[in-house]
Protein chains: 2
Amino acid sequence: MTEQEIKFKEKIKAIQDTMYVIGGKWKIVIILSIYNGNKRFNDIVASIPKITNRVLSKELKHLEENLLISRKVIDEYPVRIEYTLTEYCLSIDELAGPMEKWGKNHMKKISGK
Amino acid sequence: MTEQEIKFKEKIKAIQDTMYVIGGKWKIVIILSIYNGNKRFNDIVASIPKITNRVLSKELKHLEENLLISRKVIDEYPVRIEYTLTEYCLSIDELAGPMEKWGKNHMKKISGK
DNA sequence: CGGTATCCTTGACGATACTG
DNA sequence: CAGTATCGTCAAGGATACCG
């Protein structure tokens, strides 16, 4: 295997890892919602068109396992749950920004096909 | 709907569009393979571990429809097909670079959990 | 309020064989 | 050589109801 091939496989792996963590239909969207100030489960559901609570629940767990959000139980009555972005999570801004920009431009391009 | 909410929904849409075009397991990987000099179907298959020809075939069509690659029929005997990246496709470097970087760092972070 | 449980649909992806 | 056809699997995601 050449040097170039090794580098290529490393690239592949890194990109596929990224896709696993923040890919899929909802993950970045959820992060943006929390970033926008939604902290509670039902607020997040309400802020995202068409997401269901089952899906949100799973995605939140996935994000928590990947250290992107944290879940805090606030001991009131009734108990309140708050989701917040971790410091680390802010680094996905490096991805969300370019993705947003690229997507907007692309749709313009395709629609004029 | 507030100004902020409108912007949020635009962001969501743009990001989901991007995910649709270059998301999934293979798309960026295929682009990188062509970028690396593989032009012909079987070369691309061989360069990407575990991809099947059926999947590659579909993905190539998807990429062509989105103007990211072009397919040229070269009239020799036997006929030769060459896939090349479009000029436009080079813009996904804005995404692949950050994704690679982020993925590498993330795996380091998670493994040390 | 913040979820789970159950059941279901869809589409992505895969294995293998075959073809113009 | 560059695919297509056929069939199959599996996981993501969705609808709806219910629960502590």
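The values are calculated or read from the model by the stated rules, or taken from the named source; none is laboratory data. Predicted, not measured: the structure shown is a model, and the values here were computed from it. Backbone-built Cβ (ideal geometry, glycine too); neighbour counts: all protein chains shown. For accessibility, only protein heavy atoms count, side chains too; no ligands or nucleic acids. Shrake-Rupley method; radii C 1.70, N 1.55, O 1.52, S 1.80 Å.
Given a 1.4 Å probe and heavy atoms of the protein chains only, how would you sort A:107, B:19, largest accessible area at the top?
A:107, B:19
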Could you pull the accessible area for residue A:90 with a 1.4 Å probe, rounded to 10 Å²?
90
State the Cα centre-to-centre distance between segment A:37-91 and segment B:41-99 in whole Å.
38
Place the label 7 angstrom along Cα→C-beta at residue B:88 and in each other copy, then list the distances from the first to the rest in nm, shortest first.
3.8
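Over the protein assembly as shown, average the accessible area per residue using a 1.4 Å probe and give it in Å², no decimals.
58
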Sort shortest first the distances from residue B:73 to its counterpart in every other copy, using label points 7 Å along the Cα-to-beta-carbon line, and give them in nm.
6.6
Normalised by the empirical 2.2 N^0.38 Å for globular proteins, what value does the Cα Rg of the protein assembly as shown take?
1.15
List, in the order given, every pair from A:25/B:7; A:50/B:9; B:7/B:101; A:13/B:61; A:13/B:72 whose Cα-Cα distance in the structure shown is over 21 Å.
B:7/B:101; A:13/B:61; A:13/B:72
Label points for residue B:37 built 7 Å along Cα→Cβ; distances to same position in the other copies, nm, shortest first, come to 5.5
With every protein chain kept in the model, how would you rank A:47, A:33 by accessible area, 1.4 Å probe, largest at the top?
A:47, A:33
Given 10 as the ceiling on other Cβ atoms within 10 Å, longest exposed-site-free region of chain B for GluC sites (Glu not before Pro) in DSSP loops:
B:1-75
Residue B:111 versus residue B:61, label points 7 Å from Cα toward the beta carbon: distance in nm?
3.9
Counting each DSSP H run of 4 or more residues in chain B as -39500 (n - 2.57), what helix-only mean residue ellipticity at 222 nm follows after dividing by all residues, to the nearest 500 deg cm²/dmol?
-19500 deg cm²/dmol
In whole Å, largest first, the alpha carbons of segment A:3-86 cover along the principal axes 60, 27, 21
Leading residue at positive end of dipole, chain A (Cβ point charges), from A:79, A:67, A:19
A:19
Chains B and A: what accessible area do they bury, summed, in square angstrom to the nearest 100, with a 1.4 Å probe?
4500
So for segment B:5-53, what percent of the C-alpha to C-alpha distances run longer than 18 Å?
45
Where in segment A:1-99 are there trypsin sites (Lys or Arg not before Pro) that are in a DSSP coil and have at most 10 other Cβ atoms within 10 angstrom of their Cβ?
A:50
Ignoring ligands, DNA and RNA, please state the percent of accessible area on chain A from carbon and sulfur, probe 1.4 Å.
52
